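Report on one structure; see the data block that follows.
The values are calculated or read from the model by the stated rules, or taken from the named source; none is laboratory data. In this text the structure is predicted, and so the values were computed from the model without any measurement. FYI the Cβ positions are ideal-geometry reconstructions off the backbone, even for glycines, and counts take in every protein chain you see. Just the protein is used for accessible areas: all its heavy atoms, side chains included, with ligands, DNA and RNA removed. Shrake-Rupley method; radii C 1.70, N 1.55, O 1.52, S 1.80 Å.
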Amino acid sequence: MKAIEVDDLWKTFGEREELRGVSLEVEKGDIFAFLGPNGAGKTTTMRILLGLLRPSSGTALVCGQDLATSTEFRRKVGVLFERHGLYERLTVRENLDYFAKLYGVPRWPGRTAEVLGEVGLQGREQDRVAELSTGLKRRVGLARALLGEPELLFLDEPTSSLDPQAQRDFRELIVSLSRGRRLTVFLNTHNLDEAQRICNRVAILDHGRVRLIGRAE
């Protein structure tokens, strides 16, 4: 079974066609880049895969499941959007504890400590999110995405607005997590260098159509 299967996906908003027959497959264990300029339809595709938007036509399956209806399988998916969605007045630990309880994560106090270690935030548990750099906030968001021990990780422009050093550190973290946890990663990006550095397969999206798809090299 493929990790992700998208077949002839169309999405229209009024008279505007956002997606025009998008088809792609992602193998388990891939770090897959969905590469394209801003406005190409990358985030729309991701939101359909996650069950947050309904397609106008076509299918979008994650491990054979439609996440719009398979609520139980959503627990196996982690998501980090470009806007982190954290509570800035709470500490790092308070944010993660809150979301762990909200998601129904078993043994959540221990799990919170584990993900803090995985993303390199040991010793920052009591820092308020508002006081963190953009790069560290992105790591807290990634920790939240890992709380449920997902099989697939969806990342939407995860290194945008980060300085070069923070970008490199975050990319290395993604690769390490993918290998160490055998995660499948679906990465939305407009950064060609990022796709070349860490992804083994790439699809290029332009004006709602997949122009090329294959191995990065």
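I want the local charge near LEU192. Using Cβ-Cβ distances under 14 Å, sum +1 for each Lys or Arg and -1 for each Asp or Glu among the other residues. Residues near LEU192 contribute -1 overall. Please work out the Cα center distance from the stretch 151-210 to the stretch 46-70, rounded to the nearest Å. The two parts, judged by their Cα centres, are 21 Å apart.
Over the chain, dividing the summed -39,500 (n - 2.57) contributions of all DSSP H runs of at least 4 residues by the number of residues returns a 222 nm mean residue ellipticity of -10000 deg cm²/dmol. To the nearest 0.05, what FRET efficiency results for ASP193 and GLN165 with a Förster distance of 22 Å applied to their C-beta separation? The calculated FRET efficiency here is 0.90. Identify the trypsin sites (Lys or Arg not before Pro) of the stretch 5-56 meeting these criteria: DSSP loop state and at most 14 other C-beta atoms within 10 Å of the C-beta. Hits after loop and neighbour filter: LYS28. The chymotrypsin sites (Phe, Trp or Tyr not before Pro) of the stretch 75-123 that DSSP puts in a loop, and whose beta carbon has at most 16 other beta carbons within 10 Å, are TYR87. With the Kirkwood sum run over all distinct C-alpha pairs, the stretch 29-141 has a hydrodynamic radius of 16.1 Å.
Rounded to the nearest 0.05, what FRET efficiency do LEU212 and LEU102 give with R0 = 41 Å and r taken as the Cβ-Cβ distance? Could you check? Given R0 = 41 Å and the Cβ-Cβ separation, E is 0.55. Axis of helix 164-181 versus longest Cα principal axis of the chain: the two differ by about 80°, to the nearest ten degrees.
Classify the stretch 5-58: rounded, prolate or oblate, from the alpha-carbon gyration tensor (a ≥ b ≥ c, eigenvalue square roots; a/c under 1.5 rounded; otherwise prolate if a/b is larger than b/c)? Could you put the intermediate results ahead of the total?
On the way: a/c = 1.97, a/b = 1.53, b/c = 1.29.
Judged from the Cα gyration tensor, the stretch 5-58 comes out prolate (a/c at least 1.5, a/b above b/c).
The mean sequence separation of alpha-carbon pairs under 8 Å and at least six residues apart, normalised by the residue count of the stretch 90-217, gives a relative contact order of 19 percent.
The trypsin sites (Lys or Arg not before Pro) of the stretch 171-217 meeting both criteria, a DSSP state outside H, G, I, E and B (loop) and at most 16 other C-beta atoms within 10 angstrom of the site's C-beta, are ARG182. On a 0 to 90° scale, report how tilted helix 92-103 is relative to the longest principal axis of the chain, with both axes built from alpha carbons and the result rounded to the nearest 10. With rounding to tens, the tilt is 60 degrees. Note on exposure: GLU131, GLU157 ranked by accessible area (1.4 Å probe, complete protein assembly) read GLU131, GLU157, with the most exposed listed first. Of HIS190, HIS207, the order by accessible heavy-atom surface (1.4 Å probe, DNA, RNA and ligands excluded), from most exposed downward, is HIS207, HIS190. Each principal axis of the stretch 66-216 carries a Cα extent, and these read 45, 38, 28 Å when sorted largest first. If the viscosity is 1.306 mPa s and the temperature 10 °C, what translational diffusion coefficient in µm²/s does Stokes-Einstein give for the stretch 165-217 when Rh comes from Kirkwood over Cα pairs? Rounded, D is 131 µm²/s.
If R0 is 25 Å, the Cβ-Cβ spacing of THR59 and THR134 corresponds to a FRET efficiency of close to 0.10. Taking the C-alpha atoms only, the angle from helix 108-118 to the longest principal axis of the chain is near 80 degrees.
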